[in-house]
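One structure is given here, and the rest of the page talks about it.
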Amino acid sequence: MTETEVQTVLKIGNPELLAFDSQAVLQRVEQQADLFIPVLPLKQTLPQQK
């Protein structure tokens, strides 16, 4: 989901607008590409367990 879509759903107050079936997801990826691609190369360090 894009930030714009999330903000729209928050304003409308209908969380059902956030649900997509598998076919809709595939169509969205085809149209918008994978929105997570920019974060894939990021590295993070997790805290040590205590």
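Just so it is clear, none of the values below were taken in a lab; they were calculated from the coordinates. Note that the structure is a prediction, hence the values are computed from the model and not measured. Glycine gets a Cβ as well: all are built from the backbone with ideal geometry, and neighbour counts include every protein chain shown.
What is the angle, in °, between the Cα long axis of helix 22-32 and the longest principal axis of the Cα atoms in the chain? Nearest 10 is fine, range 0 to 90.
Roughly 80 degrees between the two axes.
Tell me the label-point distance for the pair residue 10, residue 37, using the 7 Å Cα-to-Cβ offset, in nm and rounded to one decimal.
Result: 2.6 nm between the two label points.
Output the 0 to 90 degree angle, nearest 10, between the alpha-carbon long axis of helix 3-12 and the longest principal axis computed from the alpha carbons of the chain.
60 degrees
Assuming a viscosity of 1.002 mPa s and a temperature of 20 °C, what translational diffusion coefficient in µm² per second does Stokes-Einstein assign to the chain, Rh being the Kirkwood radius over Cα pairs?
It diffuses with D of about 158 µm²/s by this estimate.
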